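Q: A single structure is presented below for examination.
The values are calculated or read from the model by the stated rules, or taken from the named source; none is laboratory data. On a predicted model such as this, the values are computed, not experimentally measured, just so you know. Glycine also receives a Cβ, built like all others from the backbone with ideal geometry; neighbour counts cover every protein chain displayed. Side chains included, ligands, DNA and RNA excluded: accessible areas come from the protein's heavy atoms. Shrake-Rupley method; radii C 1.70, N 1.55, O 1.52, S 1.80 Å.
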Amino acid sequence: MNFAFTDEQNELRRMVHDFLDETSPETEVRRLAETSLGYDPDVWLRFAGELGLAGLAIPEEYGGAGYGFVELGIVLEEAGRTLFGAPLLSSVVLAASTLLALGDKSANADYLPAIAAGTTTATLAFAPPSARLVDTDAVRVDATRDARGWTLTGTTSYVLDGHTADLLLVVARTGAGLSVFAVDGAAPGVARTPQQTVDQTRRQATIVLDAAAARLVGDEGEACAALAGVFDLATVALGAEQVGGAARVLEQAVEYAKIRVQFGRPIGSFQSIKHKLADLHLTVESARSATYHALWVAAESPDELPEAASLVGGCCGDAFVTTARENIQVHGGIGFTWEHPAHLYFKRAHSSRLLFGTPAQHRQRLARLVLAASTD
């Protein structure tokens, strides 16, 4: 294992950092949160097409750059630092990873090049993961087939960017078990309603399907194993984003502690603040170490991914929430105001903590995996 980034990876980070500083300042994050889309399509096309970042981890045969999850993790960490409003997690991580995991070469050739170019946005419509990660009992969409093909009927909620995605990868029940289907987001029989959630910088939607035409992706009834791997990858990707957000709010707390004066001295000189910031630094760096390890595992040793992913899921969500909360405490009264960015990160931290299983659920899963390995 190489514990250092290469010069090329560091240059990638610098490029993404500069791009997001330009296109995703706080003012733009606030503006986009009030729009119907929730992101700027022109910025997304620059991000995906001009910089080639949406296809970073997509194989070259499908229009991507052919890099791995380490490079994608760098992008996600920088995106989390600025609360970048775009379908990055939904389209690039969830949808692209699902297509690749299912191994349907025809579907991959049809959908992945446009996802890599940013001209098609996509998402995975599936019930929120539980302690079992892939909860088959939570699926509320049924697939039926007749002479004309497959149709889907049912409802799925909390779909990331579900109100805007051009392509919906919907998990549905068939007679053979759980399967994944591709659905045109604008097709007849598809109703999409944005949901009012805590974090309006990352949109979620309810999707209602009423005999919507669908295309089977992969083999019927074989989705569970593929989806388990997808949610492990998504947990690691989210962890990278959470580390970026946690590091940024720690920076905010440190910067403020240097300039806020009480009793004739900066508050950062008081022992209680020093200890608080030192503890937060340790929290962020521990989460970063777990995430970097998991990114390497995703790229180089996928058999170890379940344990590495649940280690990330068990610590990064809590690390972001703790750092975002303590950032508000360091700022005092001003940290509670609408005008200060602290609340944007605080809401993102709490929302992200629940996306792909709670930290407690991941710790329970990690314990089961470790115990099972020790008895083999």
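Q: Quick one: of the DSSP bridges fully inside the chain, what percent are antiparallel, nearest 5?
A: 85
Q: When the helices in the chain are scored as -39500 (n - 2.57) per DSSP H run of 4 or longer and the sum is shared across all residues, what 222 nm value do you end up with, to the nearest 500 deg cm²/dmol?
A: Numbers: 11 runs with 186 residues, N = 376.
Rounded to the nearest 500, it is -16500 deg cm²/dmol.
Q: Roughly how many percent of the accessible protein surface of the chain is carbon and sulfur, given a 1.4 Å probe and a whole-percent answer?
A: Exposed carbon and sulfur together represent 54 percent of the surface.
Q: Next question, about the same structure. Kindly express, to the nearest 10 degrees and within the range 0 to 90, the angle between helix 69-82's C-alpha long axis and the longest C-alpha principal axis of the chain.
A: Its long axis makes an angle of about 60 degrees.
Q: A follow-up question, please. What do you get for the angle between helix 359-375 and the principal long axis of the chain? Use alpha-carbon atoms, 0 to 90 degrees, nearest ten.
A: So the inclination is approximately 70 degrees.
Q: A follow-up question, please. What list of ³J(HN,Hα) values in whole Hz, one per residue of segment 12-23 in order, does the Karplus curve 6.51 cos²θ - 1.76 cosθ + 1.60 (θ = phi - 60°) give from phi, with Gly and Pro shown as x?
A: Working through the residues one at a time gives 4, 4, 4, 4, 5, 4, 5, 5, 6, 4, 6, 9 Hz.
Q: Sticking with this one: Packing-wise, with mean Cβ within 10 Å as the measure, how do 268-281, 88-101, 43-56, 159-172 rank, highest first?
A: Values: 268-281: 14.3, 88-101: 25.9, 43-56: 20.8, 159-172: 23.7.
Descending packing order for the listed peptides: 88-101, 159-172, 43-56, 268-281.
Q: A follow-up question, please. Quick one: helix 342-352 against the long Cα principal axis of the chain, what's the angle to the nearest 10°, folded into 0 to 90?
A: The answer is roughly 40 degrees.
Q: Can you tell me which of 247-256, 289-298 comes out highest on packing, and rank the rest after it, using the mean Cβ neighbours within 10 Å?
A: Most protected by this proxy first, the peptides run 289-298, 247-256.
Q: Separate question: Return the sequence-ordered ³J(HN,Hα) values of segment 295-306 in whole Hz as given by the Karplus equation 6.51 cos²θ - 1.76 cosθ + 1.60 applied to θ = phi - 60°, using x for Gly and Pro.
A: For segment 295-306, the Karplus-derived couplings read 4, 5, 4, 4, 7, 10, 9, x, 5, 8, 5, x Hz, x marking Gly and Pro.
Q: I would also like to ask the following. Within straight cross-link reach of K274, meaning Cα distance under 18 Å, which aspartates and glutamates are found once same-chain residues fewer than 8 apart are removed?
A: K274 reaches E251, E255, E285, E326.
Q: Going by Cα centres, segment 47-69 and segment 223-248 are how many Å apart?
A: When both Cα centres are located, 18 Å separates them.
Q: Hey, got the Cα dimensions of the chain along the principal axes, in Å, largest first?
A: Result, largest extent first: 80, 53, 39 Å.
Q: How many Å² of accessible area per residue for the chain, probe 1.4 Å?
A: Each residue of the chain exposes 43 Å² on average to a 1.4 Å probe.
Q: Then there's this: Where does the charge balance sit around L355 when Lys and Arg score +1, Asp and Glu -1, over other residues with C-beta under 11 Å from its C-beta?
A: +1
Q: Looking at the P(r) of segment 206-319, how many percent of alpha-carbon pairs lie beyond 16 Å?
A: Everything past 16 Å amounts to 69 percent.
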